[in-house]
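> Below is one structure. I have some questions about it.
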Amino acid sequence: MANGGLRNAAVSSPVRRYAIMRVMMLCRPILATALTTTLALAAVTLAAHPARAQDKGSVNPKPLPPLANPNDPHLAAKELFGRKPLPASLAVRSIGFYAKGCIAGAVALPINGSAWQVMRLSRNRNWGHPDLIALLERLAVKAQKVAGWPGLLVGDMSQPRGGPMLTGHASHQVGLDADVWLTPMPNRQLSREEREETSAVMMVRKDRLDIDPQSWTPSHLPVIRAAAQEPQVERIFVNAAIKKALCREAKGDRSWLSKVRPMYGHDYHFHVRMKCPPGSTNCGPQPPPPESEGCSAGDLAYWFSDAVLHPKPPVTPPKPKPPMTLADLPAECRQVLLAP
């Protein structure tokens, strides 16, 4: 997600060998106090960065240049974590909060599975906590059974050591977030070019008030429901129009809808966020979502307000925020960064 946190083991040798082979290839709030300038600014900022699933990758990515002074305390942490092509050889643990942390002992989701394929390989963001890997593999099989999909297309997870990313996300830092495309996996293996250049299908109508009936199908609900019903899942982020459709279409047990939260963007994919796993004592949990379905007109009114759908730029442009530095992250993240 691009900003999912705004609301409310050592690596096995096969994984390491796989990552090493890719080094050559890669190397490389919104709770407004009033619907005024703050609200408009937040909406403009996030609207300027739509679904990152649409950002194309590169078949031949260029390596990132070496840093002139990697020990500079003012250096953005994303510059350090974005240059680590392999995970830290430390015991597995998620450290910090989803939008301010890192992960030790991350594991890669294989780029091809029986029921999934990884997209945008050039980003090297198919890493996560082993529990996240297991969840995605399990969910992919469920998508076959409950929706008849050949499988899932998996977008961004985390970097090998988590941490802030050079592009695209505020969260996804602790190996517990994953973007799953709302486009079913085709019944064949995609080429490298297709994985880098194919765009996910837009699910939201042009006026942003509801789903697009030409792309949204009855099979989408059971896939999202299967993810939300996983006990380890904390939240599912979707566009408000998708939440609206789920509220309208869900039958029977609707308790899972409480986990599905509206969020800017997320109109091409849904964002799965796991709870802090056992053993990650320094993982910062998120407060549980409200128990209500979140389907009332009042629950969704903010997201369909004119200020959100048609944001106006603030009269006075804000000063850019200073980048997050290594010192801003939990102390353990320095060890994660420096580990072999």
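> With both partners inside the stretch 4-338, how many of the DSSP beta bridges are antiparallel, as a percent to the nearest 5?
In the stretch 4-338, approximately 75 percent of DSSP beta bridges are antiparallel ones.
> In the stretch 185-284, what trypsin sites (Lys or Arg not before Pro) fall in a loop by DSSP, with at most 10 other Cβ atoms inside 10 Å?
Working: sites: ARG188, ARG192, ARG195, ARG205, LYS206, ARG208, ARG225, ARG235, LYS243, LYS244, ARG248, LYS251, ARG254, LYS259, ARG273, LYS275; in loops: ARG188, ARG205, LYS206, ARG208, LYS251, ARG254, LYS275.
Passing sites in the stretch 185-284 are ARG188, LYS206, LYS251.
> Fewest first, what order do ILE103, ILE242, ILE211 take by the number of other Cβ atoms within 10 Å?
Ranking ILE103, ILE242, ILE211 by Cβ neighbours within 10 Å, fewest first, gives ILE211, ILE242, ILE103.
> Ranked from highest to lowest mean number of other Cβ atoms within 10 Å per residue, what is the order of the peptides 322-335, 150-163, 121-134?
Numbers: 322-335: 16.6, 150-163: 26.6, 121-134: 23.0.
Packing order, densest peptide first, comes out as 150-163, 121-134, 322-335.
> Structure shown: which of LYS100/LYS275; LYS78/LYS321; LYS142/LYS243; LYS145/LYS275; LYS243/LYS275 lie over 19 Å apart, alpha-carbon to alpha-carbon?
Over 19 Å apart, Cα to Cα: LYS142/LYS243; LYS145/LYS275; LYS243/LYS275.
> With a cut-off of at most 15 other beta carbons within 10 Å, and DSSP calling the residue loop, which trypsin sites (Lys or Arg not before Pro) in the stretch 56-92 qualify? Please list them.
Working: sites: LYS56, LYS78, ARG83; in loops: LYS56, ARG83.
In loop regions of the stretch 56-92 (DSSP not H, G, I, E or B), the sparsely surrounded trypsin sites (Lys or Arg not before Pro) are LYS56.
> Let me understand the stretch 101-182 better: what is its radius of gyration from the alpha carbons, and its Dmax, in angstrom?
Rg, Dmax (Cα atoms, Å): 12.2, 37.
> List, largest first, the extents of the alpha carbons of the stretch 4-338 along their principal axes, each in whole Å.
51, 51, 38 Å, listed from the longest principal axis down.
> Let me ask you something else. May I ask for the net charge around PRO323, where only other residues with Cβ less than 12 Å from the Cβ of PRO323 are counted and Lys, Arg are +1 while Asp, Glu are -1? Write out the running numbers ahead of the final one.
Details: positive: LYS78, LYS321; negative: ASP72, GLU79, ASP328.
Taking every other residue near PRO323 into account, the sum is -1.
> Run a plain Debye calculation on the stretch 207-314 (Cα atoms as equal point scatterers, no solvent) and give log10 I(q)/I(0) at q = 0.10 Å⁻¹, rounded to two decimals, same order as the q list.
Summing over Cα pairs of the stretch 207-314 leads to -0.31.
Any read-out appearing in this document is the output of simple, stated calculations on the displayed coordinates, not a laboratory observation. Predicted model only: the values in this text are computed from it and were never measured. Cβ sites come from the backbone with ideal geometry, for glycine too, and all protein chains shown count toward neighbours.
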